[in-house]
1. Any chance you could count how many residues in the stretch 29-44 are in contact with a helix residue (DSSP H, G or I) (Cβ under 7 Å, 6 or more places away or on another chain), closer than 15 Å to residue 167 by Cβ and part of a loop (DSSP other than H, G, I, E, B)?
2. Could you go through the stretch 142-151 and let me know if any residue there is within 12 Å of the chain's Cα centre (by Cα) and modelled with pLDDT of 95 or more.
3. Do you know which residues across the stretch 188-209 are under 30 Å from residue 232 (Cβ atoms) and either modelled with pLDDT of 90 or more or in contact with a helix residue (DSSP H, G or I) (Cβ under 7 Å, 6 or more places away or on another chain) (or both)?
4. Every residue in the stretch 100-124 that is part of a strand (DSSP E or B) and among the acidic types (Asp, Glu), please.
5. If we keep just the residues of the stretch 264-297 that are surrounded by 11 or more Cβ atoms within 10 Å (Cβ to Cβ) and small (Gly, Ala, Ser), which is farthest from the chain's Cα centre (by Cα)?
6. Assess whether residue 328 counts as being touching a Pro at 6+ places or on another chain (Cβ under 7 Å), assigned to a loop (DSSP other than H, G, I, E, B) and modelled with pLDDT under 70.
7. Of all residues in the stretch 213-239, how many are in a helix (DSSP H, G or I) and over 20 Å from the mean Cα position of the chain (by Cα)?
Amino acid sequence: MADDAATIDRSMPDQFDRVSLIDPAALMRIKNLQLRAKVVVDGFYNGLHRSPFHGFSVEFSEYRQYTPGDDPRYLDWKLFARSDRYYIKRFEDETNRRCHLLLDISRSMEFASITYTKAEYARTLAATLAYYLTLQRDSVGLLTFDNAVAEFITARSRPGHLHHLLVGLERASQGNGTDLNAPLEQIASFVSKRGLIIFISDLLAPVDSLQTNLGYLRSRGHDVLLIRILDPAEIALPLKDASVFLDLESKREMYVDPETSRSEYRSRFQAHDEQVQTACTTLGIDYTTLLTDQPLEQALFDLLAAQLRQGRVARRHLPTRHAQRGHSTS
């Protein structure tokens, strides 16, 4: 309810029960993608219920509080008798939100300075978000891309659909380059109803037209969350010795002396990131960066914070433990 509103932002993990945060390296040792997602979401909810936000938004998602102007025919009188508050029954189209996950599966996502790649981390992230949104009874779709759109799965909410999404996430990349505009153009042309677009990529490609395409999605009423996935080494460039690097997408070999190149690399990297941040700020898009050694619960915090800023959680509530147990995901 609106009077249950709480402030949740990027500092929330400091207030969260850190015992619940799962080491990504341990998580990646779980072979089953759906089980990984379940472990993260269950840990997120367990920590949330033990945190200062444990009382926030735990009403059933199929009701909303009555406001003047609502049709009184849809009041739930039995619920009124129990709670002494007026609630309206919500219809399927009003309750369910359409969400699409746009996942970068280009070759640059295969980079790793630790025991698993950005691609594996990003697939686990997408599976976690799909599992979480399915628990909320949202319709979830998937679009994977590299230098072209690889696969598009329409957003649905029905038994077996989550498994269909997870199968799509397991498919490996076939392309070499990264085209950040093709998936945005396709999702804008295919999805006419307003919804949530979650764009997951390392963004290691020119972003000149990114603002235009993101702006088109926003102009059509979509909420957008942009999540950048990076390996820690891509930010720090920690190498000390000169080495030959292989570009994963072009297969071109490059000789790099980190001592002489580090300053220019960091400067260009920061300028590229600032360009993305500026575009997102201008368009009112939530933008966050996740390093592959960070717990995946952070993404759920970012999604929840984005929903709060968009006013979504005030009228769409977190699932209760009862709702989690009773909802089928297979």
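The values are calculated or read from the model by the stated rules, or taken from the named source; none is laboratory data. On a predicted model such as this, the values are computed, not experimentally measured, just so you know. Reconstructed Cβ throughout: ideal geometry from the backbone, glycine too, with neighbour counts over all protein chains shown.
1. First, the residues of the stretch 29-44 that are in contact with a helix residue (DSSP H, G or I) (Cβ under 7 Å, 6 or more places away or on another chain): 30, 33-34, 36-41, 43-44.
Filter again for closer than 15 Å to residue 167 by Cβ, leaving 33-34, 36-37.
After this cut, where a residue has to be part of a loop (DSSP other than H, G, I, E, B) as well, the list is none.
Total satisfying the criteria: 0.
2. Here is the first cut: in the stretch 142-151, the residues within 12 Å of the chain's Cα centre (by Cα) are 142.
Filter again for modelled with pLDDT of 95 or more, leaving 142.
Yes, the stretch 142-151 contains a residue that is within 12 Å of the chain's Cα centre (by Cα) and modelled with pLDDT of 95 or more.
3. Initially, the stretch 188-209 is screened for residues under 30 Å from residue 232 (Cβ atoms), giving 196-209.
Correct list: 196, 197, 198, 199, 200, 201, 202, 203, 204, 207, 209.
4. The answer is 104, and nothing else.
5. So, considering only residues that are surrounded by 11 or more Cβ atoms within 10 Å (Cβ to Cβ) and small (Gly, Ala, Ser), the one farthest from the chain's Cα centre (by Cα) is 279.
6. Numbers: touching a Pro at 6+ places or on another chain (Cβ under 7 Å): yes; assigned to a loop (DSSP other than H, G, I, E, B): yes; modelled with pLDDT under 70: yes.
In short, yes.
7. Taking the stretch 213-239 first, the residues in a helix (DSSP H, G or I) are 213-219, 232-236.
Still in the running and over 20 Å from the mean Cα position of the chain (by Cα): 219, 233-236.
Residues flagged as in a helix (DSSP H, G or I) and over 20 Å from the mean Cα position of the chain (by Cα) within the stretch 213-239 amount to 5.
Residues are listed down the side, and each one gets a yes or a no for (1) in a loop (DSSP other than H, G, I, E, B); (2) touching a residue at least 12 places away in the same chain (Cβ under 8 Å); (3) surrounded by 20 or more Cβ atoms within 10 Å (Cβ to Cβ); (4) touching a strand residue (DSSP E or B) at 6+ places or on another chain (Cβ under 7 Å):
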position	(1), (2), (3), (4)
126	no, yes, yes, yes
129	no, yes, yes, yes
134	no, yes, yes, yes
147	yes, yes, no, no
163	no, yes, no, no
167	no, no, no, no
177	yes, yes, no, no
184	no, yes, yes, no
188	no, yes, no, no
